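All of the numbers you see were taken from the coordinates with simple rules; none came from a lab. Since the model is a prediction, treat every value here as computed from it, not as a measurement. Virtual Cβ from ideal backbone geometry, glycine too; neighbours counted across all protein chains shown.
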Amino acid sequence: MTRHDANLDINWLLGGFDPITLQKLNSKAEMLSRIDNKYVVPRSALQRLVPALATEFDILDISNRRAFTYDTRYFDDAEHSAYFQHHQGQRKRFKVRMRRYVDAEISFLEVKVKAARGRTQKYRLPADGALDGRLCDGSMDFVRQTYSGQYDQPFDYDLRQALDMRYRRITLVAKSGGERMTIDTDLRFRTKNGTRVVGTDVFVVEAKSALGRGFADIVLRQGKQRPISKCSKYCIGMAATGAVDRFNLFQPAMRKLGLIETGAAARQPTDNRIDLCKPIPGLAAIKAA
């Protein structure tokens with residue numbers, strides 16, 4: 001299991017890059033339509049790769065802050081249709097979430113769907129700062145219109161709160177534009193079943209580019225890191241907290257994150273859940289509704 005220390009120094013990751021503002025970052029690579037490759041990278045490996053990445057990427061800097069806290073609430077129906085569509089690799093699938101950018105104090109309702117050739121398409125709508133347990137009528141209209149516009153069929157899912165998540169994110173953008181990286185650590189997942197915490201000695205890295213073969217992918221593969229095809233944070237959180245009982249396709253990513261035991265107990269997530277009746281440091285902003 002990875003070591004967790006929310007105060008662990010990450011200056012080695014933040015200090016080597018030239019800064020870029022949010023406005024300039026979005027003008028270079030907003031990346032609402034892209035191909036994502038996800039990697040689970042241990043601290044020691046990422047430290048070795050930072051110098052090469054710093055030659056080609058800038059880091060998002062807002063008011064001298066470079067690591068940002070994200071609170072996200074995912075919505076699914078009672079049958080966990082969004083989860084199982086992803087687990088089964090269905091071409092027509094969706095994710096609906098309310099994301100709060102804690103440091104910037106802004107929120108968006110986000111809908112992710114799959115377009116042609118495996119491309120991820122994200123649509124979002126500005127929202128208020130509350131992470132409510134149900135979506136309002138206006139939000140549901142946005143979800144339905146987005147889904148039906150993408151797949152030409154009605155959205156017949158009764159959505160409700162499924163998973164709360166918090167993590168710290170570092171965002172990099174290629175100096176030449178057209179490519180973005182996100183580096184997430186200190187992940188915390190919460191469902192009605194319990195809470196799971198991933199240590200800060202491991203990072204979920206997403207390389208996002210138009211063709212899925214960007215400079216970041218080259219550097220990561222040269223550093224002997226391989227993409228993991230099943231590394232949805234939503235699905236991993238649902239499996240790790242025991243909200244679903246089928247998660248075999250996510251086991252490789254869960255094992256790298258220290259969320260699943262190896263050997264004889266490899267089918268079951270490790271049992272480090274936290275009693276929901278007790279206060280959970282760092283999760284006050286995403287209490288279950």
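A few notes on this one:
- At q = 0.12, 0.13, 0.18, 0.21 Å⁻¹, base-10 log of I(q)/I(0) for segment 15-170 (Debye sum, equal scatterers on each alpha carbon): -0.63, -0.74, -1.26, -1.46
- Around the amide H of ARG93, modelled in the peptide plane, lie the amide H atoms of LYS114, all under 5 Å away and 5 or more residues distant in sequence or on another chain.
- Across segment 248-256, coupling constants 3J(HN,Hα) worked out from phi with the 6.51/-1.76/1.60 Karplus curve, θ = phi - 60°, read 4, 6, 9, 4, x, 5, 5, 5, 5 Hz, and Gly and Pro carry x.
- Take the Cβ atoms of LYS175 and SER63, set R0 to 30 Å, and the FRET efficiency comes out at 0.85.
- FRET efficiency for ASP132 and ARG91, using Cβ-Cβ distance with R0 set to 22 Å, rounded to 0.05: 0.10
- Using the average count of surrounding beta-carbon atoms within 10 Å as a protection proxy, the listed peptides 220-227, 169-176 rank, highest first, as 169-176, 220-227.
- Residue-wise HN-Hα coupling along segment 217-228, computed from phi with Karplus coefficients 6.51, -1.76, 1.60 (Hz; x: Gly, Pro): 4, 4, 5, 4, 6, 5, x, 6, 9, 10, x, 10
- Largest to smallest principal axis extent of the C-alpha atoms in segment 11-286, angstrom: 47, 46, 37
- Bins of 10 Å, starting at 0 and running to the largest distance - Cα pair percent for segment 44-99: 17, 26, 21, 32, 4
- Residue-wise HN-Hα coupling along segment 83-99, computed from phi with Karplus coefficients 6.51, -1.76, 1.60 (Hz; x: Gly, Pro): 4, 6, 4, 5, 4, 8, x, 5, 5, 8, 8, 8, 9, 10, 8, 10, 10
- Between ASP141 and ALA104, the modelled label-to-label distance comes to 2.6 nm, taking each label 7 Å out from Cα in the direction of the beta carbon.
- Protection proxy ranking of 59-71, 91-103, 198-210, by the mean of other Cβ atoms within 10 Å over each peptide's residues and highest first, is 198-210, 91-103, 59-71.
- Taking a sphere under 14 Å around the Cβ of LYS256 and counting the other residues whose Cβ falls inside, with K and R at +1 and D and E at -1, yields a net charge of +4.
- Straight Cα distances below 19 angstrom link LYS38 to the lysines LYS95, LYS112, LYS114, LYS122, LYS208, LYS224, LYS230, LYS233, LYS256, with same-chain residues fewer than 8 positions distant left out.
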